[in-house]
Amino acid sequence: MNEQDSKRRIKLTETEDGNVLFNVPFPKDLKDLKGMAPIVIKQPYHIDYIHSYGQDSPFFAGLANGKLLGTRCGPCRYTYGTPRLHCMVCGEPCAWVELPREGAVHTFTVCHFGGEEFLGETPFILILVEWPGVDTLFLSRLVGVEPEAASLAWIGMKVCAQFKRLSKFKPTDVYFVPG
Ligand SMILES: [Zn+2]
């Protein structure tokens with residue numbers, strides 16, 4: 001065995017996971033590669049993404065415990081239906097407050113298209129919820145009414161928060177039903 005042959009016997013270990021292709025056509029004349037159709041492969045893609053909720057963490061802890069939390073500014077009493085940790089009016093820190101489960105529809109939209117995660121659920125209804133004494137609105141889903149029955153009579157409708165039993169620590173852990 002000459003030196004070249006013995007070098008060729010050194011092999012990196014190969015595995016059979018991932019894409020393994022056999023018998024890929026290849027022209028004798030490299031000029032023919034110009035006409036080659038693109039190779040298209042499908043492969044699973046997974047990534048574990050570590051994301052900190054930071055100062056918003058109490059909001060998600062609330063959802064996991066069946067509580068919808070907003071915040072209120074100490075000095076100016078501005079109250080946030082979608083929590084902010086610092087007041088956008090006066091800049092002071094806000095405190096956490098529990099919002100009532102019962103609110104009202106401020107406005108709504110029926111979504112016939114959506115992001116990939118929600119595409120299979122279309123049409124669905126998004127509402128902005130309002131509460132007396134709360135200065136900003138909260139975006140959520142309204143379930144329990146037919147999207148086809150959408151009507152301006154929904155404006156002002158009383159709605160009640162419900163929470164998923166299995167919290168995913170997402171804003172969609174809470175949704176609203178008529179009531
Ligand atoms: Zn303030």
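Taken together, the values in this text are just the output of simple stated rules run on the coordinates, not laboratory data. None of these values were measured; they are calculated from a predicted model. Using ideal geometry, Cβ is built from the backbone for each residue, glycine included, and neighbour counts are taken over all protein chains shown.
A compact table of results
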read-out: K42 being over 28 Å from Y175 (Cβ atoms), away from the ligand (no atom under 16 Å from the Cβ), part of a loop (DSSP other than H, G, I, E, B) and among the basic types (K, R); value: yes
read-out: Where a residue in the range 11-30 is in contact (Cβ under 8 Å) with a residue 24 or more places away in the chain and closer than 23 Å to Q43 by Cα and its partner, wherever it lies, is assigned to a loop (DSSP other than H, G, I, E, B) and not small (G, A, S), with Cβ under 8 Å and at least six apart; value: G18/Q43; N19/I41; N19/Q43
read-out: So C94, is it crowded, with 17+ Cβ neighbours inside 10 Å, in contact with a Lys or Arg (Cβ under 8 Å, 6 or more places away or on another chain) and without any contact (Cβ under 8 Å) to a residue 24 or more places away in the chain; value: yes
read-out: Residue in the range 84-91 that is of a type in the set (D, E, K, R) and within 16 Å of the ligand (Cβ to nearest atom) present; value: yes
read-out: The range 157-179 residues that are of a type in the set (D, E), paired with ones that are part of a loop (DSSP other than H, G, I, E, B) (beta carbon under 8 Å, 6 or more apart); value: D173/K164; D173/S167
read-out: Selection within the range 100-123 - in contact (Cβ under 8 Å) with a residue 60 or more places away in the chain and closer than 24 Å to S57 by Cβ; value: R101, G103
read-out: Within the range 140-179, tally of residues that are part of a strand (DSSP E or B) and either touching a Lys or Arg at 6+ places or on another chain (Cβ under 9 Å) or surrounded by 13 or more Cβ atoms within 10 Å (Cβ to Cβ) (or both); value: 13
read-out: P75 being surrounded by 10 or more Cβ atoms within 10 Å (Cβ to Cβ) and over 30 Å from G133 (Cβ atoms); value: no
